[in-house]
Each structure stands twice: as C-alpha cells, then as structure tokens.
1. What do you reckon, how do T131, T140 stack up by accessible area (1.4 Å probe), largest on top?
2. For the range 153-298, what is the accessible area per residue in Å² when the probe is 1.4 Å?
3. Which order, highest average first, do 155-163, 265-273 follow once you tally other Cβ atoms within 10 Å for each residue and take the mean per peptide?
4. Round to a whole number: what % of the accessible area of the range 1-80 belongs to carbon and sulfur, probe 1.4 Å?
5. The range 75-145 to the range 327-384: how many Å between their Cα centroids?
6. Normalised radius of gyration for the range 228-303, please: alpha carbon Rg relative to 2.2 N^0.38 Å, two decimal places.
7. By accessible area of protein heavy atoms, probe 1.4 Å, what ranking do Y8, Y227 get, highest first?
8. Calculate, for Y323 and E96, the FRET efficiency according to 1/(1 + (r/R0)^6) with r their C-beta to C-beta distance and R0 51 Å; round to the nearest 0.05.
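The values are calculated or read from the model by the stated rules, or taken from the named source; none is laboratory data. No experiment lies behind these values; they were computed from the predicted model shown. Neighbour counts run over all protein chains shown; Cβ positions are idealised from the backbone, glycine included. Accessible surface areas use protein heavy atoms only, side chains included; no ligands, DNA or RNA. Shrake-Rupley method; radii C 1.70, N 1.55, O 1.52, S 1.80 Å.
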Amino acid sequence: MLDRVRQYIDRHKLLHSGGKYLVTLSGGADSVCLLRMMLTLGYDVEAIHCNFRLRGEESDRDEKFCELLCDKLGVALHRVHFDTREYALLHNVSIEMAARELRYDYFERLRQTIAADGILVAHHRDDNVETILLNMIRGTGIRGLEGIKPLNGHIIRPLLCLSREEILSYLADCHQDYITDSSNLVDDVQRNKLRLNVIPQLKAIIPSASEGIDTTSKHVAEAIHVYDDAISRGIDACVHDNVIDIEQLMQQPSPEALLYEILSRYGVTSGMAQQIYDNLLTSMPGKLWHAEPYIIAKDRDTLIIGRNTPPPPPLIIPECGKYIVDDLVNVNCELCTVNCQPSTAPYHATLDADKVRFPLTIRGVMPGDRFTPYGMKGSKLVSDYLTDRKRNYFQRCRQLVMLDATGTILWLIGERVAAQAAITDHTINVLSVRYIIDESNSPQE
C-alpha cells in the first residue's frame, strides 16, 4: 500500500522532497493513516486539528487523542476551536457547510503563516465514489464524473488510490488505534445516507461496484483532456471580447456543451445555461438573463456578457474648471475664444457658450430622454438614437448625457452634440468640454 501511495504521489506530482506540508488530523482512521504514511515516506509534516464543538465531550476526546498521537510521533500539532453553530446561524448556512468553510479558511491562513507547500487531506477512493454518485444524482456535467481531484490548488489528496478497507488494514498492521466520529454513523445527511444505505446495496448486487465507479472516473479524467482541448478551440472560434457569435456557436459539434462551458466561467448554473440555449434562436433581441454580478444579453446575432454595474452618480459642473470624477475619469470645462474649431473627437464637445446655462449635469440616460442631434431635424429619443447606431445593451446602459440648467440635453457623450448648442458661423464664445477616460487604468472584465 505504501508503494501504491508513493507511485500515486509521483504520477500526479503531488509532493516534493524538501517540501513542508500540513496534515489535517481529525483522529479518525483516514487522517491517522495519512499522517502515519507521510511520516513513513519521509515527508516533513505538521498536523492540524479542528474542534468544531458540535459533539460535546466526544469533540474534546478527539482533540486529546490527536494531541497524544502527535506527541508519540514527534509531530507538531496546530489546534483551533470553532463556534460552528454560531457561524452557521450568522451566515445562514448548514452546519456541514459552516464546518467546511471554517476549516478550509483556517487551513489556508495557517499554510501561509508557516510557509507550508500544501495541505494534505485524507479523502480516499470510497469518498470519491460517494462524490461521483452524488454528482450524478444532481445532474452533473462531464467534470462531475471525474470526482475528487488529487490536487486542487494547495489541497492535496495522496490517499485517493486506497479504499477505506485498505486504510483499516494498514492501521491494523501498524497496530495503530484511531477514534470513530459517531456523527458518521447516523444517516442524517445525504453523504451519510449514501455511505450507510445505498453503497452497501450496490455492493450486494455488484461486489466490485466501487472499483468500477472509480475506474470510470479515471477514464473520464483522461477524456476531459480531449474535451478541454475541443472547448478551447470552440471558444476561440465563437467568443471575442465577451461577445458570443451565435452563428459560429451553432456550427460547433456540440453548441449546447460549448455554451455551458463559456457561461459557467461567469457563474451561470447548468440550469440557466440550458434555458439560454433553449431560447437562443427564438428569443427576441434585448432578452436578458441575470447571473449576478453578470448579465447575458441577446443583441441581434450575438450574446453579450457584461457586469451589472449601476450608472455613476450625477456630476454637477457649476462653472468652468477641471473636475476629478475618480481614478479613471475627469472632466475639463473651459471657455475658448480664439480660433476654436468644432470638435470631431467623440469625447470632446465644442458648444456655443452663449446658448449654455450653468450648472451643467452629467448623468446616465433615463427613460424618455430626448435630444435634437446636430445635423438632424426634430428631436429623437436617446434610446432610439442609440438603437439606430447599433449600440448594444451594455453600451446603452452606460451611455452618459450632459444637460444644462434648463434640463436640455446638450451632448450625448461620445456620440453627438445637440443642435441647440452647436457652434455656428455666428458663434462668438465657445465652451470646450472634454470627458477624459484613462483606459490604461480601467479594470478588465
């Protein structure tokens, strides 16, 4: 068994000699086996024990056992106590989820504090089988059939090649005792119900059921490499700057799977991805799907993915001057009386100063906003103007306008000035307004 674990570690490049690792130690058979094996294989390890204060004296018994075991083995032990029930109540999560969040947050903080290379946890083959079955029941995709990964960030699982029965056999050969968590013997949560009731029934029907499921997960893990390569090529063909080309998407071998893989990177669930795919060709332009903090918008023959960001607060400009909006934007407003020509730059407006009344206001577009674009006759809804200009949903949402004291829109920023304040042959004083964006500091999507 030690040779198998050593080979498993080497094959997946999980550990390296000279590294320092933390072993999560509950006192149960799996974690005790992990600690003993790592020491025997010559790795530099320290142990971590979490007391979640959920089982009264039994929790304290577990902690004491870990203390005595580490003293016997000459291993440093880090201990932490959690008020798990209070945390669950405060964060509105289950006790099981609270314990998971607390321990993994502590593991990572401790790893950084002592500069350890990784955190070793004692998941084994039977845990992997349970995870795969749970994922199948929940309607998993291909990745869910892969099961538990041996390496996930700094979390390392060297015992996935062993069954629970083999772990118990190893401890018996070492004459090493361990403790049993009584909560694992009660079928009160899904995983326990599967472990205590379902899997024994499967093994009664097919004795090699666990081995077969584990083998399947290995085949799936290999197939995922091919799948990921195909997905990467599909994304290159269909996605550009957070815009999905629907026609290109539908030409791919599996557009449904590809769409899910694209959208899942933005936190879209499989159910929502399915709903989007089902409506992809029939929904009208302008259809929106919300997946906070993102919105997916259908725009003509594309799907556009963008952040759901509120418009900035209105900026009041009481007189000429330079106004700092934030680290990215500033507005420069000044009078120009010498040879000031009409600007053709999208973020520089030149207006007839005698037709403008301060204070000016820069704000986001509101429903019903109208203006008279320079060079056109009659007023037009800003929304209609932007639609005619083929601006997408996010561009329309982020559009800014500048108004004067009368509430008249003088400038659709980045687009066009209004006819009422445009420079003419009779203009004497010119008001120059620059809306300056520092795109080099702009956060990326």
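1. Solvent-accessible surface, decreasing: T140, T131.
2. For the range 153-298, the per-residue accessible area is 56 Å².
3. Listed from highest to lowest mean packing, they are 155-163, 265-273.
4. Carbon-and-sulfur percentage of accessible area, whole number: 46.
5. 56
6. 0.99
7. Y227, Y8
8. Using R0 = 51 Å, I get an efficiency of 0.45.
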